[in-house]
Amino acid sequence: MIYIPGLILALAAFWFVLSGETAPLFLILGALSVLLTLWLVARLKIIGRDASPYHRAPNMLLYGGWLIVEILKANIAVIRRIIGPSHAIDPVMVNVTTTARTDLGRAMFANSITLTPGTVTVDVVGDKLKVHALVRETSAAASFAPMDRKAAAAADGGKS
């Protein structure tokens, strides 16, 4: 029950940002849509830490900024491999274990790998990910550890 006030604020802010309406009728309809959403969430029994976004927003923003920098660095590395004189592409499949405790953390880690050029998450089973990478020498399972640690910290809470 402690997450309901934060969820109400998050849903109301989300509705207002998307609509931008201030007419009384629209505000009433917005409040009704927030209440209907809360009723559905309560009926599905998914109100809890995973359903409330406000407590992890700062960590998610920090992780998003870090991920953008990593994506840019990976873009440059892939372009160098493709345009370079040796065309040093040596594809490999790597098995990676994640430290994320929640489904959100595992999904964030898997999607972050896929967003990074040169790597694609092919399969996720429990805490094991199968990753296809373009370059063998930079694709050891340990090379994914910083991303795993930061994704788990952003999604599950804690320090990266």
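The values are calculated or read from the model by the stated rules, or taken from the named source; none is laboratory data. Predicted model only: the values in this text are computed from it and were never measured. Heads up, the Cβs are rebuilt from the backbone with ideal geometry, glycines too, and the neighbour counts pull from every protein chain shown. Quick note on the areas: whole protein, heavy atoms, side chains included, nothing else; ligands and nucleic acids left out. Shrake-Rupley method; radii C 1.70, N 1.55, O 1.52, S 1.80 Å.
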>> Leaving out ligands, DNA and RNA, and with a 1.4 Å probe, what % of the accessible surface on segment 50-160 is carbon or sulfur?
In response: 64
> Dipole size in debye (nearest 20) for segment 31-158 around its Cα centre, Lys and Arg Cβ +1, Asp and Glu Cβ -1?
Replying inline: 160
>> Placing one identical point scatterer on every Cα of segment 11-160 and ignoring solvent, what is log10 I(q)/I(0) from the Debye formula at q = 0.17, 0.20 Å⁻¹?
In response: -0.98, -1.17
> Quick one: what Rg and Dmax do you get for segment 77-160 from the alpha carbons, in Å?
Replying inline: 13.5, 44
> Once the Cα atoms of helix 57-83 and of the chain are each reduced to a long axis, what angle between those two axes, in degrees from 0 to 90 to the nearest 10, is obtained?
Replying inline: 30
>> Between helix 103-115 and the chain, what is the angle of the helix's C-alpha long axis to the longest principal axis, kept within 0 to 90° and rounded to the nearest 10?
In response: 50
> So what does the Cα-only Debye profile of segment 4-94 read at q = 0.19, 0.23, 0.26 Å⁻¹, as log10 I(q)/I(0), no solvent term?
Replying inline: -0.94, -1.14, -1.23
> Which whole-number percentage describes the relative contact order of the chain, with Cα contacts under 8 Å and a sequence gap of 6 or more?
Replying inline: 23
> So how tilted is helix 145-156 from the main axis of the chain? Cα-based, degrees 0 to 90, rounded to 10.
Replying inline: 10
>> Explain nothing, just compute: Karplus ³J(HN,Hα) = 6.51 cos²θ - 1.76 cosθ + 1.60, θ = phi - 60°, for every residue of segment 88-97 in order, whole Hz, x for Gly and Pro.
In response: 6, 9, 9, x, 8, 9, 10, 9, 10, 9
> Averaged over all directions, how much area does the convex hull of the C-alpha atoms of segment 60-101 cover when projected, in nm²?
Replying inline: 4.3
> Between Leu115 and Ser19, what is the FRET efficiency for a Förster distance of 22 Å, r being their Cβ-Cβ separation, to the nearest 0.05?
Replying inline: 0.15
>> Can you compute the modelled spin-label distance between Leu36 and Met60, with each label point 7 Å from Cα toward Cβ, in nm?
In response: 2.3
> On average, how much accessible surface per residue is there in the chain, in Å², for a 1.4 Å probe, leaving out ligands, DNA and RNA?
Replying inline: 63
